[in-house]
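Asks: One structure, as structure tokens, below. Some questions next.
The values are calculated or read from the model by the stated rules, or taken from the named source; none is laboratory data. These numbers were taken from a predicted model, which means no experiment stands behind them. For neighbour counting, all protein chains shown are included, and Cβ atoms are generated from backbone atoms with ideal geometry for every residue, glycine included. For accessibility, only protein heavy atoms count, side chains too; no ligands or nucleic acids. Shrake-Rupley method; radii C 1.70, N 1.55, O 1.52, S 1.80 Å.
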Amino acid sequence: VQLQAFGGGLVQFGGYLRLSCVASGRDFDKYAFGWFRRPPGKERESVAAISWTGGSTHYIDSVKGRFTISRNNAKNTVYLEMTSLKPEDTAVYYCAQDDLKFGNRWPMNVGTWGQGTQVTVSS
């Protein structure tokens, strides 16, 4: 499987962005997916995850109520909607696929990483 992330960019404090992650390959609907980020000079961290059914989602505390992860199995795409963006959300964002089918773990164990997309929030 290959994962391609889109939608990053430069946005002002309080702004909105929607990231998309398109997966190639089979069995998209059998895997959980997640979004991670690496802020400048810091370690990569889990941001959000969605179960293979789409019925369960997880978020780190700092983005709860502001970010929403979702999936569209017909389009093999996972989304991360980000509202009320803050400068501390500035990071390279990565999408990832779980390493096992039918997963719903938090934090998610990653089997496949996508390339990153830069999100920069100006103050």
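Asks: Kindly provide the set of residues from the range 49-77 that are among the hydrophobic types (A, V, I, L, M, F, W, C) and either more than 17 Å from Leu100 (Cα to Cα) or open to solvent by 40 Å² or more (accessible area, probe 1.4 Å) (or both), ordered by number. Walk me through it before giving the result.
Replies: So the first thing to find is which residues in the range 49-77 are among the hydrophobic types (A, V, I, L, M, F, W, C), and the list is 49-50, 52, 60, 63, 67, 69, 74.
Of everything in the range 49-77, those that are among the hydrophobic types (A, V, I, L, M, F, W, C) and either more than 17 Å from Leu100 (Cα to Cα) or open to solvent by 40 Å² or more (accessible area, probe 1.4 Å) (or both) turn out to be Trp52, Ile60, Val63, Phe67, Ile69, Ala74.
Asks: When you scan the range 1-99 for strands (runs of 3 or more DSSP E) that lie fully inside it, which ones turn up with 2 or more residues that are modelled with pLDDT under 95 and not aromatic (Phe, Trp, Tyr)? I'd like the intermediate steps shown before the answer.
Replies: On the way: elements: 3-6, 9-12, 17-23, 31-38, 45-50, 57-59, 67-72, 77-82.
Per the criteria, no element qualifies.
Asks: State which residue is farthest from the chain's Cα centre (by Cα) when the search covers only the range 78-123 and only residues that are of a type in the set (D, E, K, R), more than 18 Å from Val11 (Cα to Cα) and open to solvent by 30 Å² or more (accessible area, probe 1.4 Å). Steps first, please.
Replies: Step one: filter the range 78-123 for residues of a type in the set (D, E, K, R), giving 81, 86, 88-89, 98-99, 101, 105.
Next, only the ones that are more than 18 Å from Val11 (Cα to Cα) stay: 98-99, 101, 105.
Checking the rest, the ones that are also open to solvent by 30 Å² or more (accessible area, probe 1.4 Å) come to 99, 101, 105.
Working: Asp99: 16, Lys101: 18, Arg105: 15 Å.
This residue is Lys101.
Asks: Looking at the range 37-47, is at least one residue more than 14 Å from Val121 (Cβ to Cβ) and touching a Gly at 6+ places or on another chain (Cβ under 7 Å)?
Replies: yes
Asks: Tally the residues that are modelled with pLDDT under 95 and closer than 23 Å to Trp52 by Cβ, restricting the search to the range 112-123.
Replies: Residues meeting the conditions: 1.
Asks: Taking Gly14 as the residue in question, decide whether it is more than 16 Å from the chain's Cα centre (by Cα), loosely packed, with under 14 Cβ neighbours inside 10 Å and without any contact (Cβ under 8 Å) to a residue 12 or more places away in the chain.
Replies: On the way: more than 16 Å from the chain's Cα centre (by Cα): yes; loosely packed, with under 14 Cβ neighbours inside 10 Å: yes; without any contact (Cβ under 8 Å) to a residue 12 or more places away in the chain: no.
Here the answer is no, as Gly14 does not meet what is asked.
Asks: Say whether the condition of being touching a residue at least 40 places away in the same chain (Cβ under 8 Å), under 13 Å from the mean Cα position of the chain (by Cα) and surrounded by fewer than 16 Cβ atoms within 10 Å (Cβ to Cβ) is met by at least one residue in the range 20-33.
Replies: no
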